[in-house]
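Structure first, commentary second.
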Amino acid sequence: MIKVGRTDVFERHYMEKFRLFASKYGEFVQYERDRGARDIGLHLTKKSDDGQERLSAALCWFQMKGVMASSLSEAAFEKLDSIKLSLEVGHLQYWFLQAMPTYLVVFIESVDTFLIMNVQKYVSERWGQKVLTLRQQTVTVEVPTESVLDDEAFQHILRHGDAEEWTKALGTTVNADTLLMCQRDYEVIYNIGTAKRRKVESRMIFLDWISKMRGQVFIQQRRKKAGSEWGTIREHWHHSMSIYDFEKNFPYLDFQPFYSRDDLDEFEEIKEITLSNGEEICGANMSDEYFEYVMHIDLNSMGEQMLEWIEILRETKIVSFRAGRASTVSVAPWHWRAV
């Protein structure tokens, strides 16, 4: 009788598990013959505003590995900061030179979890061009145990692909940090930048938490007519952000006070902050939970430049969204992935 080995069964199991999960994010790509030292490719898709999918600029490849529960127990895994794997130097050299990134994906059977690492980036940071002159046949690489393959990881990969697409479409050299900021907040920037033509006004509520390690922002708009109520178009949670450093997270905005100190006389404790533009804003202590600051907001010169980019991208259908749509953003260390 022909028998199927345990490792073959294990590999079949985690490959199908990966395909089932990854199929939510794009179309699979494969070599006709196994000659690329990579197991499977994925061309990521994006949801359009009409609910349909379109192919993105992110095409990536995955090299799959697995660690059986008999080799690594759950208890042992929980004590580790990284998983060490031996890889062929020839493969690392090949992946280092390719235009498209290769991601090392490791299935840990004991915890039923996939880990992910951009191996091309890892090689660049650890060896750089020196990897091309390494003499040994194999080297050990370390995959962080906190870098889990999940929706967050795929969104990171998608954003990297979008950044390249945006740069080509805009035909200009854009600062990488500025571009990432624009990617994160392009709907907010568009909504604020088009507020006048849509006859709406904008404000920001900043909660400077006392009892929690975070800052919380609500960006709101309302129509300029009697009786209109404020509606939130963006809720932004940011780990360790305070009123003293919140401006650097919204460098495209200009801030003006919404309330004067006299407007807040009913509160026992008021804190005044001077912004980078010289304006003073007042925050009221809300039951010793947080200070609440309210500001008028509009785009500054950076924001106006970003708005021009967004209108180009919207016209060419590279981005698709509905004005005024609500969204949520969370920025924290636990969202990091090694991609």
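Any read-out appearing in this document is the output of simple, stated calculations on the displayed coordinates, not a laboratory observation. Note that the structure is predicted; figures quoted are calculated from it, not measured. Glycine also receives a Cβ, built like all others from the backbone with ideal geometry; neighbour counts cover every protein chain displayed.
Applying the criterion of being among the polar types (S, T, N, Q) and under 26 Å from His239 (Cβ atoms) to the residues of the range 182-220, the residue that is surrounded by the fewest Cβ atoms within 10 Å (Cβ to Cβ) is Ser211.
Of the helices (runs of 4 or more DSSP H) lying entirely inside the range 65-137, those carrying at least 1 residues that are of a type in the set (A, V, I, L, M, F, W, C) and within 22 Å of Asp39 (Cβ to Cβ) are 89-97, 119-126. Any idea which residue in the range 288-304 is surrounded by the most Cβ atoms within 10 Å (Cβ to Cβ), counting only those that are over 19 Å from Trp209 (Cα atoms) and touching a Gly at 6+ places or on another chain (Cβ under 9 Å)? Filtering first and then ranking leaves Gly303.
Please specify each residue of the range 263-313 satisfying the condition of being farther than 18 Å from Ile205 by Cβ, hydroxyl-bearing (Ser, Thr, Tyr) and either touching a Pro at 6+ places or on another chain (Cβ under 8 Å) or not in a strand (DSSP E or B) (or both). Scanning the range 263-313 gives Ser276, Ser301. Residues that are of a type in the set (Val, Ile, Thr), touching a His at 6+ places or on another chain (Cβ under 7 Å) and buried (at least 16 other Cβ atoms within 10 Å of the Cβ) are absent from the range 271-287.
What's the total number of residues in the range 199-225 that are within 19 Å of Arg322 (Cβ to Cβ), touching a helix residue (DSSP H, G or I) at 6+ places or on another chain (Cβ under 8 Å) and of a type outside the set (A, V, I, L, M)? Going through the range 199-225 one residue at a time, the tally reaches 2.
Scan the range 148-174 residue by residue and report those that are part of a loop (DSSP other than H, G, I, E, B) and over 21 Å from His238 (Cβ atoms). Answer for the range 148-174, where residues must be part of a loop (DSSP other than H, G, I, E, B) and over 21 Å from His238 (Cβ atoms): Leu149, Gly171, Thr172, Thr173, Val174. Checking each residue in the range 7-53 for being more than 30 Å from Arg322 (Cβ to Cβ), aromatic (Phe, Trp, Tyr) and assigned to a helix (DSSP H, G or I) picks out Phe10, Tyr14, Phe18. The single condition from (1) farther than 26 Å from Trp334 by Cβ; (2) hydrophobic (A, V, I, L, M, F, W, C); (3) crowded, with 17+ Cβ neighbours inside 10 Å that Leu179 fails is (1). The requirement of being in contact with a helix residue (DSSP H, G or I) (Cβ under 9 Å, 6 or more places away or on another chain) and among the acidic types (Asp, Glu) is satisfied by Glu109. Residue count for the range 305-334 satisfying the condition of being in contact with a helix residue (DSSP H, G or I) (Cβ under 7 Å, 6 or more places away or on another chain) and either of a type in the set (Gly, Ala, Ser) or surrounded by fewer than 13 Cβ atoms within 10 Å (Cβ to Cβ) (or both): 5. Scan the range 140-161 and tell me whether some residue there is over 20 Å from Ile40 (Cβ atoms), exposed (fewer than 15 other Cβ atoms within 10 Å of the Cβ), polar (S, T, N, Q) and in contact (Cβ under 8 Å) with a residue 12 or more places away in the chain. Yes, there is a match, as at least one residue in the range 140-161 is over 20 Å from Ile40 (Cβ atoms), exposed (fewer than 15 other Cβ atoms within 10 Å of the Cβ), polar (S, T, N, Q) and in contact (Cβ under 8 Å) with a residue 12 or more places away in the chain.
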